[in-house]
Amino acid sequence: MSLSIVNLCYLLSAVLFIGGIKGLTRPRTAVRGNLMAAVGMLLAVVVTLLDRSILSYGWILAGVVLGSLIGVLLAVRIQMTAMPQMVALLNGFGGGASLAVAAASFLSSGGPVAASGAIGLTAVGLTLLIGAVTLTGSAVAFAKLQELLPGRPLGFRGITLVNGALLIVALGSVAALTAGHGGIGLVVLLTVLALVLGVTLVMPIGGADMPVVIALLNSYSGIAAAAAGFIMGNTVLIVSGALVGASGLILTRIMCVAMNRSLAGVLFGSLSEDGGPGVEADEVYAGKVKSSSPEEIGMLLETAQRVVIVPGFGLAMAQAQHAVRDLADTLERRGAEVIYGLHPVAGRMPGHMNVLLAEAEVDYDKMQPMEQINPHFAQTDVVIVIGANDVTNPMAREDKGSPIYGMPILDVDQARTVVVVKRSLSPGFAGLPNPLFAKDNTLMLFGDGKQAILDLTGALNEAA
């Protein structure tokens, strides 16, 4: 196949990638966008496999078979609630693959670095650095999300200085490699430093900041892939990696704004795990929490004309999305308007709640983002909060001494009545008590999220 045809196919793949990302920006077009991107990648892979410089397809075929088996197994076995962990793991695999490409290119006797001289060696050094950081950083994020490691910040005093020193030495190693002053020993040193840096960067970050970390690691994996594209001289890898890197950075920025956090604050600090000085749960709740029953809340919903459902990670853990959809259907049959209010960081990854609700066949038009739903809470009869904590915490709006002060939240407390479905009064990822639970217009429905919603739907049906 001529080079001009190859480049034309790569250009078409890039166009499909861009169209796919554009489609993924809206739930209604997400499936089509995903398909476009997949077709673009298939075209790029097929064209690459027709390269005449490939001597043997044996290892390639083995990799395709093994990777396909692993992919099918993950697709079948992984629950939707574990999707954040899977995304973190896939980010790590992407970084690891780029790391392997850079190491193989440097160590091969033929020196297949496409970009000659300093440019090629710079690409190798940066790919080693970013790929290794992404690999171990994603592994730590996975372990925290899977609860193999505690979700709270872990580390030691002065870890920020250690990270700074590791980064300076690693960048110095890249510069030395670019200047041609190192061999295998320098490559090994750079890789080890980057692997350690990935661990020490993510370990001090708490669970509340995990959505930002996942988005940032996704960006790292794209940047590493783009750098690997320079090493291999592969145009489509450069383009696709750059697209992933740029979109990941944009998403990271969106997540930081949604949490009122700076990127530096996420990477070099963490939300307080104890709610800050003087903030105690007993002091916040002061015996004002009102527990209710499904029957009482069912009676309240009988006359409700407008109901907003606010899902959180507790809904995901209880796998209550289908039960919630059934409750909404029941309310709509009784003449109520039901919509869903979604915070950008509800859950453990961006878009987590949208995916769960879509799995339960909730209409996309009923999923309203925070900025769209907030002005309407004051005209809402009942808000049902299911497992959401930090994203509904009024301390972000009212308490200047709170670690989350200034973070945009869903203003659910402005509704006439708020029903909070939760197992207990335990805090969310930020480790803060939630004054919402003690407000005069709030009722607590304690229990497993799925069972509580089923009981609530049953109470409504019995009253019909």
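The values are calculated or read from the model by the stated rules, or taken from the named source; none is laboratory data. The structure displayed is predicted, hence computed values, not measured ones. As a convention, Cβ positions derive from the backbone with ideal geometry for all residues, glycine included, and neighbour counts pool all protein chains shown. What goes into the accessible areas is simple: the full protein's heavy atoms, side chains included, and nothing from ligands, DNA or RNA. Shrake-Rupley method; radii C 1.70, N 1.55, O 1.52, S 1.80 Å.
Suppose only helical runs count, i.e. DSSP H with n ≥ 4. What mean residue ellipticity at 222 nm does that imply for the chain under -39500 (n - 2.57) per run, divided by all residues and rounded to the nearest 500 deg cm²/dmol? List each step's numbers first, then the result.
On the way: 18 runs with 272 residues, N = 464.
Calculated at 222 nm, the ellipticity per residue is -19000 deg cm²/dmol.
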**Complete:** For the range 372-385, in residue order, the Karplus 3J(HN,Hα) values (coefficients 6.51, -1.76, 1.60; θ = phi - 60°; whole Hz; Gly and Pro = x) are 8, 8, 4, x, 9, 5, 5, 9, 9, 6, 9, 10, 10, 9
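Once the other residues with Cβ under 11 Å from the Cβ of I453 are scored (Lys, Arg +1; Asp, Glu -1), what is the net sum? Write out the running numbers ahead of the final one.
Details: positive: R325, K450; negative: D326, D448, D455.
Overall, the nearby charge balance is -1.
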**Request:** Quote the accessible area belonging to R325 in square angstrom, nearest 10, computed with a 1.4 Å probe and with ligands, DNA and RNA left uncounted.
**Result:** 60
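Over the chain, with the other protein chains present, what is the accessible area per residue in square angstrom, probe 1.4 angstrom? The partial results should precede the final answer.
On the way: 21520 Å² over 464 residues.
Result: 46 Å² per residue.
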**Asked** How much of the accessible area of the range 281-463, probe 1.4 Å, is carbon plus sulfur, in whole percent?
**Response** 48
**Long-range amide H partners of L342 with built H, under 5 Å** = Q368, M370
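Please identify every one of the trypsin sites (Lys or Arg not before Pro) in the range 1-66 that sits in a loop by DSSP and has no more than 13 other beta carbons within 10 Å of its own beta carbon. Kindly include the intermediate steps, with their values, before the conclusion.
Working: sites: K22, R28, R32, R52; in loops: R52.
Counting only loop positions with at most 13 other Cβ atoms within 10 Å, the trypsin sites (Lys or Arg not before Pro) in the range 1-66 are R52.
Rounded to the nearest 0.05, what FRET efficiency is calculated for V31 and S292 with R0 set to 30 Å and r the Cβ-Cβ distance? Let's see the in-between values first.
Values: r = 39 Å, r/R0 = 1.31.
After rounding, the FRET efficiency stands at 0.15.
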**Asked** Once you put a point 7 Å from the Cα of M317 and another 7 Å from the Cα of E337, both along the Cβ direction, what distance in nm separates them?
**Response** 3.3
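Membrane-span-like helices in the chain: DSSP H runs reaching 15 Å or more (Cα, own axis), mean Kyte hydropathy at least 0.0? List each step's numbers first, then the result.
Numbers: long enough: 3-23 (30 Å, 1.74); 30-49 (28 Å, 1.88); 58-77 (29 Å, 2.03); 83-107 (36 Å, 1.28); 117-145 (42 Å, 1.67); 159-178 (28 Å, 2.06); 184-202 (28 Å, 2.94); 210-232 (33 Å, 1.66); 235-259 (36 Å, 1.94); 321-333 (18 Å, -0.88); 449-463 (21 Å, 0.13).
Membrane-span-like by this rule: 3-23, 30-49, 58-77, 83-107, 117-145, 159-178, 184-202, 210-232, 235-259, 449-463.
Compute the FRET efficiency between R253 and Q379 as 1/(1 + (r/R0)^6), taking r as their Cβ-Cβ distance and R0 = 30 Å, and round to the nearest 0.05. Display every interim value, and only then the final one.
Details: r = 32 Å, r/R0 = 1.06.
Computed FRET efficiency for R253 and Q379 comes out at 0.40.
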**Prompt:** Taking +1 at the Cβ of each Lys and Arg and -1 at the Cβ of each Asp and Glu, which of A82, I254, V64 sits farthest along the dipole of the chain towards its positive end, judged by Cα position relative to the Cα centre?
**Reply:** V64
**Request:** Could you size up the charge dipole of the chain around its Cα centre, putting +1 on the beta carbon of Lys and Arg and -1 on that of Asp and Glu, and report it in debye to the nearest 20?
**Result:** 1300
**Request:** Could you pull out every one of the lysines with an alpha carbon less than 25 Å from that of K366, ignoring same-chain neighbours closer than 8 positions?
**Result:** K22, K422, K450
**Asked** Which shape class applies to the range 34-168: rounded if a/c is under 1.5, otherwise prolate when a/b exceeds b/c and oblate if not, where a ≥ b ≥ c are the square roots of the Cα gyration tensor eigenvalues?
**Response** oblate
**Message:** Under a crude label model (7 Å from the Cα following the beta-carbon direction), how far is D440 from L61 in nanometres?
**Reply:** 7.6
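Take the solvent-accessible surface of the protein heavy atoms, probe 1.4 Å, and return the percent of it on the range 78-268 that carbon and sulfur atoms account for.
Whole-percent figure for carbon plus sulfur exposure: 75.
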**Which labelled figure in [x] 235; [y] 170; [z] 144 is volume of the Cα convex hull per residue in Å³, once derived from the coordinates** = [z]
**Complete:** Between the modelled labels at A264 and A100 (7 Å from Cα along Cα→Cβ) the distance in nm is 3.8
**Asked** Roughly how compact is the range 78-268, stated as its Cα Rg over 2.2 N^0.38 Å to two decimals?
**Response** 1.02
**Prompt:** Which Cα, out of L42, L216, L11, lies furthest along the positive dipole direction of the chain (beta carbon charges, K/R +1, D/E -1)?
**Reply:** L11
**Message:** List residues of the range 122-137, by number, whose backbone nitrogen lies under 17 Å from a label position 7 Å along Cα→C-beta of A179.
**Reply:** 122-123, 125-126
**Fill in**
Correct response: the longest run of the chain lacking exposed chymotrypsin sites (Phe, Trp or Tyr not before Pro), defined by DSSP loop and at most 10 other Cβ within 10 Å, is 157-464
**Request:** Place +1 on the Cβ of every Lys and Arg and -1 on the Cβ of every Asp and Glu in the chain, take the dipole about the Cα centre, and give the residue among G406, V31, G96 whose Cα lies farthest towards its positive end.
**Result:** G96
